[in-house]
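Quick notes on the structure that follows.
The numbers here are math on the coordinates, done by the rules we state, and not lab data. Fair warning: this is a prediction, and the values are worked out from it, not measured in the lab. Reconstructed Cβ throughout: ideal geometry from the backbone, glycine too, with neighbour counts over all protein chains shown.
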Amino acid sequence: MEFSDHIKTANVEDVVLRQPLHKPSRGTLCITGHHLLFSEREEGSSQQVLLLLRNIDAIEKRMSGSSGTITIKCKDLRVLQLDIPGMEQCLNISHSIETLSCLDNVSEMYPFFYRPTDLSLQDQWGLSTPEEHYTQMKELHKRWRLSSVNKSYSVCPSYPSAVIVPNCIDDETLKKVAKFRQGGRFPVLCYYHRKNGMVIMRSSQPLTGANRKRCKEDELLLQAVIKDSDKGFIIDTRSSQQVQQARMTGGGFESKSFYNCWKRLHRQMERGKGLQESLIKLVEACSDESHNVDRWLSKLENSKWLSHVQTALSTAGLLAECVERDGHSALVHGYEGTDCSLLICTLAQLIMDPFCRTLEGFLALLEREWLQAGHPFQQRCAHSAYSHTRFQQESPVFLLLLDCVWQLWRQFPLALGFSEALLLRLANEVYASDYGTFLCNNDQERCALGVKDRTHCLFRALLRPAERDYYSNPLFEPTELAIWPSVHPQSLQLWRGFFLRWTQLAHQLEAVQEEIRSMVIEWARVAQR
Amino acid sequence: MEFAELIKTPRVDGVVLHRPFMPTVEGTLCLTGHHLILSSRQDNTEELWLLHSNIDSIEKRFVGSVGSIIVKCKDLRVIQLDIPGMEECLNIASSIEALSTLDSVSLMYPFFYRPMFEVIEDGWNSYLPQDAFKELESMTDEWRLSEVNKDFTVCRSYPPLVAVPKNIDDDTLKKVAAFRHGGRFPVLSYYHKKNGMVMMRAGQPLTGTNGRRCKEDEKLINATLRPGKRGYIIDTRTISVAQQAKARGGGFESEGNYPQWRRIHKAIERYNVLQESLIKLVEACNDQSHSMDRWLSKLEASNWQTHIKEILTTACLAAQCIDREGASVLVHGTEGTDSTLQVNSLAQIILDPGCRTIKGFQGLVEREWLQAGHPFQQRCAQSAYSNSKPRQEAPAFLLFLDCVWQVLRQFPCSFEFNESFLVLLFEHAYASQFGTFLGSCAADRARLSLPEKTVSLWSWVNRPQELERLTNPLYEANSLVIWPSVAPQSLLLWEGLFLRWNRSSKCLDEAYDEMVHIIEYNKELQNKVNSLRRQLAQLETEDPLLNRP
């Protein structure tokens, strides 16, 4: 097997590992194709550290005399240090880590090799297909249909094979609309609000270009969405200035004159590089050891991360208000419709739909709105906050979602059925995982590589009984009401559980949560007898 | 009675009250000597009873013939009263202004308040110095209780009884008192049982520009050292502030005259700087703009978190000297009535598990703040909304409570009390029906006969129904020293106090109640399991069938 070409030194004895929250320990270091394994060799202890090489964001080496030190910065924000005797060994190890941690070939990644005993590849992959979802949503059937126009992924490569569209719009029309939308992402249904029958649609920007091209079919489709109600809202995740500029590069927006029943609202959201830089600055601020309060607060402000959290939550609040309070349908898009659009559609559903707030419901929501909807995970999560490489497509949009969900959880501690531990687990898994769930950029790629046949599904694994207990919120009391988050700057907080998780502080708070959780589990067990 | 002179309009009908997170109420406004009362005639709406002494400032606004009074309270709440009739509104406003700033202590509400509850244990007798000393005596015989200050002549701000080294007589103490600011000679504040090290506090030595020395002072503090041991003097001022103090007759302990002591200077702010910091912080918290940058800049500009960090850091330092270095510590700043007390009391929270219980914490506040002579009356005369120029006001006690909250948040299982207890102490320090925080020192309290004429806050708190509300459900006695993190990233804004009236706490309160419920149910189940086990054991021994081989 070719991994061995990259491993010149597979074993080193007498290595010292330093990691946060632990005392330094001495032991043996092994490098395998996918893992870094450290086994403590001290009397009376048998601690092991197993780290996916994929989890490594950047490494630094320092040589002094005949030994070397490798500092490993992980995508989960942990920083480890290895003191390795022998210069050659140190160089070999660091070379192997560098190469193996950023292999490009997806089918060589660990999920294709991970075979736990309690899961079978024959099990259903994923929680629900678009077809199953549609079948369950009986109230949709009157006005909406499931279209297989994208069966072979030829109309829109980033969409799943089946999507929900208005009944009266046929596949030919959809094909024409797809040509008018960036990346073929024509408007599809993403959420149906049972209380009043209003819907949320999402798409990419229309390709109006500089000469204001129009597309009758696109107008027809959107008209079919609102049908008898008088108007709808288009929430554009760009500023009105940005959308004007987008026209110069072939993009654009729905002009008032052609879409007269739709009212456009602009909310500028940061994406791409800007967001990635924000994360880098925040993580740097969090690891600042200068002990200066002013400096910390300036750096926190300067990173703008909390502003992004605020914008995302307030835009999602706006969307939910359009649907729930004003009783209108809404269409959401920005540029490609694969990042911010998904972020606010997801948050709006958490705000409005009680089912999305259960553990299963939340995972199903992520499956629908992020995996099937084609968020390019492979590109966005290739690197995290420590990488030195030049960024191309990296952007922590999904992490921003998790942060926003955490803010909701903090403001409504009873309303969500899952715990902070789930959000932390997802934040890890999305960057480096044993499971195939977050591999690839869309359904098409996942099918091409056989991800669903040759890897295990994280969401299924999370719903196994033991895991389910661990990731449930012991205080959960479902409410049918919408949960409107406060977006006052004073109400939003740094997600310390994630960004400061490798400090002592987060550790103590975790202990308390663990205490409550074990109490509830005990309670349930006694109650069953 | 003279209050009546200040109340021109005692009663107005049709007044509308706006409060945070509550529906508006229309009703009758009444002014009494000590309260502003608004009651509607409906049974289901809550009445407003507001102590005049809780009012920090008011603003009036007129629209046509309806006037509005915006009442800003010392507990940081802001309410609005819409009063029909311009004259009524002006009368009410001027009455509130006069009644909320009465100077005479003996006219304050605690002298008129009669408890509607049964006093189980008189709080005035709960934490007497002689009782605390008995506990000390059980651990060591190196200290004695001196009565040198029994008529408050040696040190006006000290209690009548203080603990001093056994071999230092009262005459020496008198000489030392003359050498220390405000007569505050070094006294025992804390004895660390684990290694016998102590923490003392004092006022600054009055060395002046020509380096005056006092042999008795040196003898006193050296008497607290074990043979061959060194001690630390923690000066809460920077070295340059301490140098400047010499010009005004103050100073610090020079190395030459105190060779067995190492001096460490820290920078804890006092007075106006703190008061302004509080004002800025509260203003930032009430800022309605939706800009995240602006909020974080304002929070930073208030410097509040920096003060928290300095105080906690100094307290950790004092605790470290005692617990880790095995050295005794003397703490002082200028007067020794503000930052000194913050450091001493926080160090005890860190070191002494006893101070983390409800009663223990009351004892700490009583010993290290009330009896130690923190001038509450001056420091807490005004809070964050006052328009008058601050003179002696400073939120030193609030900063202490905030620091305790930070530690509590970092060690959520190590405290017997919860956040509500800290908020309660904050409120009562600024306005109260109880006499506990009246006056500025033990001498004041004796002169005003507070124990005879007013009710102690502790009498009210130490009843089962109140204790239940203030108890931390997660508490598990932790006998260890707890070292808080002072990294800026670890320090949070105390939302439960500063954002209390800006954001609804309904969801958080529900979650808290749910947690309490789970924990109680868990205890219940455990008791049931235990009693079933006992029954089973009993049956096994009694049942002859089971006993048969």
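Across the options A:Thr311, A:Leu423, A:Phe391, the greatest Cα extent toward the positive end of the charge dipole of chain A (unit charges at beta carbon of Lys, Arg, Asp, Glu) belongs to A:Thr311.
Near A:Pro376, once Lys and Arg are set to +1 and Asp and Glu to -1 for all other residues with Cβ below 11 Å from its Cβ, the sum equals -3. Straight-distance candidates among the aspartates and glutamates for linking to A:Lys151, with alpha-carbon spacing under 19 Å and chain neighbours fewer than 8 residues away dropped: A:Glu131, A:Glu132, A:Asp170, A:Asp171, A:Glu172, A:Glu367, A:Glu369, A:Asp443, A:Glu445, A:Asp453. Anything in chain A that counts as a DSSP H helix reaching 24 Å or more along its axis (C-alpha) with Kyte-Doolittle mean of at least -1.0? List them, would you? Span-like helices in chain A: A:504-528.
Mind running the shape call on the range A:35-170? Use the C-alpha gyration tensor, a ≥ b ≥ c as the square roots of the eigenvalues: rounded below 1.5 for a/c, prolate if a/b tops b/c, oblate otherwise. Don't skip to the end; give the middle numbers.
Details: a/c = 3.94, a/b = 2.67, b/c = 1.48.
Prolate.
Take every pair of alpha-carbon atoms less than 8 Å apart whose residues are at least six positions apart; their mean separation over the length of chain B yields a relative contact order of 15 percent. Any idea which of A:Ile70, B:Phe152, B:Leu206 is furthest toward the positive side of the dipole for the protein assembly as shown, if Lys and Arg beta-carbons carry +1 and Asp and Glu beta-carbons -1? Toward the positive end, the furthest listed residue is A:Ile70. The alpha-carbon positions of the protein assembly as shown define a convex hull whose volume is 255 Å³ per residue.
Take the alpha-carbon centre of the range B:232-255, take the same for the range B:44-99, and report the distance between them in whole Å. When both Cα centres are located, 46 Å separates them.
Expected output is a single nm value to one decimal: the length gained when fully extending between A:Arg454 and A:Glu2, i.e. 0.36 nm times separation in residues minus the C-alpha distance. What is it? Let's see the in-between values first.
Numbers: separation 452, 0.36 × 452 = 162.72 nm, distance 1.95 nm.
The A:Arg454-A:Glu2 span can extend by a further 160.8 nm.
Our summary of shape: the Cα atoms of chain A have principal axis extents of 76, 57, 55 Å, ordered from largest down, in whole angstrom. Panel values: the range A:225-292, Kirkwood radius from alpha carbon pairs, Stokes-Einstein at 4 °C and 1.567 mPa s, translational diffusion coefficient 86 µm²/s. Ordering A:Phe253, B:Gln320, B:Ala267 by the projection of their Cα atoms onto the charge dipole of the protein assembly as shown, which places +1 on the Cβ of Lys and Arg and -1 on the Cβ of Asp and Glu, puts A:Phe253 at the extreme positive end. Dipole of the range B:1-138, Cα-centred, from +1 at each Lys and Arg C-beta and -1 at each Asp and Glu C-beta, to the nearest 20 debye? Approximately 520 debye in magnitude. Couplings 3J(HN,Hα) for the range A:75-83, derived from phi with the Karplus relation 6.51 cos²θ - 1.76 cosθ + 1.60 (θ = phi - 60°), are 5, 7, 6, 6, 10, 10, 9, 10, 9 Hz, where x marks Gly and Pro.
Taking amide H positions as modeled 1.01 Å from N, with prolines and chain starts lacking one, no residue 5 or more places away or on another chain lies under 5 Å from A:Leu414. The label-point distance for B:Ile519 and B:His265, in a model that sets each label 7 Å from Cα toward Cβ, rounds to 4.5 nm. Taking 20 Å as the straight-line reach from the Cα of B:Lys134, the lysines in range (excluding those fewer than 8 positions away in the same chain) are B:Lys150, B:Lys166, B:Lys193, B:Lys194, B:Lys359.
What is the calculated FRET efficiency for A:Thr32 to B:Ser291, with r their C-beta to C-beta distance and R₀ = 56 Å, to the nearest 0.05?
Working: r = 50 Å, r/R0 = 0.89.
My answer for the efficiency is 0.65.
Across the range A:54-64, computed HN-Hα scalar couplings (Karplus, 6.51 cos²θ - 1.76 cosθ + 1.60, θ = phi - 60°) run 4, 6, 8, 8, 7, 10, 10, 10, 9, 10, 9 Hz from first to last residue, x flagging Gly and Pro. For B:Ser39, the shell of other residues with beta-carbons less than 10 Å away shows a net charge of -1, using +1 for Lys and Arg and -1 for Asp and Glu.
Dipole magnitude for the range B:186-246: computed about the Cα centre from +1 point charges on Lys and Arg Cβ and -1 point charges on Asp and Glu Cβ, it is near 200 debye. Take the Cα of B:Arg61, step 7 Å toward its Cβ, do the same at B:Lys453, and the gap between the two points is 4.1 nm.
Would you mind getting me the FRET efficiency between B:Phe3 and B:Glu276? Use the beta-carbon distance for r and R0 = 30 Å, nearest 0.05.
On the way: r = 33 Å, r/R0 = 1.11.
The calculated FRET efficiency here is 0.35.
Between B:Lys215 and B:Asn387, what length comes free when the chain is fully extended (0.36 nm per residue of separation minus the Cα-Cα distance, one decimal in nm)?
On the way: separation 172, 0.36 × 172 = 61.92 nm, distance 4.74 nm.
Residue separation times 0.36 nm, minus the Cα-Cα distance, leaves 57.2 nm.
A helix-only calculation puts chain B at -12000 deg cm²/dmol for mean residue ellipticity at 222 nm, using -39500 (n - 2.57) for each DSSP H run of at least four residues, averaged over all residues. Is the shape of the range B:400-500 rounded, prolate or oblate, going by the alpha carbon gyration tensor and its root eigenvalues a ≥ b ≥ c, with a/c under 1.5 for rounded and a/b larger than b/c for prolate? It is prolate, given that a/c is not under 1.5 and a/b is the larger ratio.
Based on the Cβ-Cβ distance from A:Gln392 to A:Ser257, what FRET efficiency comes out when R0 is 45 Å, to the nearest 0.05? The formula returns an efficiency of 0.75 here.
Amide H to amide H, with H built 1.01 Å from N, A:Ile235 comes under 5 Å of A:Leu265, A:Leu331, A:Val332, A:His333, counting only residues 5 or more places away or on other chains.
Sparsely packed loop sites in the range B:255-337 (the GluC sites (Glu not before Pro) outside DSSP H, G, I, E and B with at most 12 other Cβ atoms within 10 Å) comprise B:Glu255.
Across peptide B:413-419, how many C-beta atoms of other chains are within 10 Å of each residue C-beta, on average?
Taking the mean over all residues of the peptide, I get 1.
Projecting label points 7 angstrom from Cα along Cα→Cβ for B:Met116 and B:His18 puts them 3.0 nm apart.
Note on chain B: with charges restricted to the Cβ of Lys and Arg (+1) and Asp and Glu (-1), its dipole about the Cα centre is near 1980 debye.
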